[in-house]
1. What is the helix-to-structure angle for 67-76, meaning the angle in degrees between its Cα long axis and the longest Cα principal axis of the chain, kept from 0 to 90 and rounded to the nearest 10?
2. Contour minus end-to-end for residue 75 and residue 51, with contour as 0.36 nm per residue of separation and end-to-end as the Cα-Cα distance?
3. Per DSSP helix of 4 or more residues, -39500 (n - 2.57); summed, then divided by the residues of the chain. What does that give at 222 nm, rounded to the nearest 500?
4. What number does the chain give for Rg over Rh if you use C-alpha atoms and the Kirkwood radius?
5. Give, rounded to the nearest 20 debye, the magnitude of the charge dipole that the range 1-61 has about its Cα centre when Lys and Arg contribute +1 at Cβ and Asp and Glu contribute -1 at Cβ.
6. For a Förster distance of 35 Å, can you work out the FRET efficiency between the beta-carbons of residue 30 and residue 4, rounded to the nearest 0.05?
7. Determine, for each peptide in 56-69, 27-40, 4-17, the mean count of other beta carbons within 10 angstrom over its residues, then list the peptides with the highest first.
8. Can you give the extra length, in nm with one decimal, that the chain gains between residue 44 and residue 20 once fully stretched, where that is 0.36 nm per residue apart less the Cα-Cα distance?
Amino acid sequence: MPQDLSPLAALLRRRTATIADHDWRDRDPEAHLAALKSVSEELEQAHTALRGQISPRLEHFLSGCSYDKALAHIETSGLDTSHLKT
């Protein structure tokens, strides 16, 4: 299993932030949807690249598009080391 899933965690956080940005959605729905599609495609690519290298539980969450659960799993498993980088 990869030691650091920070890039995946960052994508998951970006997706959550995009969904939560209602001002952007209301102001420019097309751009908001395009951003959401973009991050979703990046998540799919990251998931494909990580297949066979991640825990079955994380695989289950990503395969089922349970992205909040995937992020929580990464954070609670200590697989996101982005907070340690300077």
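Just so you know, all these numbers are worked out from the coordinates, no wet-lab data involved. Only a predicted model underlies this, so the values are computations on that prediction, with no experimental measurement involved. A quick note on method: Cβ atoms are made from the backbone with ideal geometry, for glycine too, and the neighbour counts reach across all protein chains shown.
1. In the chain, helix 67-76 runs at an angle near 40 degrees to the longest axis.
2. Difference between extended and current length: 6.8 nm.
3. Taking each H run of at least 4 residues, the total per residue is -22000 deg cm²/dmol.
4. On the Cα set of the chain, Rg over Rh gives 1.01.
5. I would put it at about 220 debye.
6. After rounding, the FRET efficiency stands at 0.50.
7. With the highest mean Cβ count within 10 Å placed first, the list reads 4-17, 56-69, 27-40.
8. Taking residue 44 through residue 20 to full extension adds about 6.6 nm, to one decimal.
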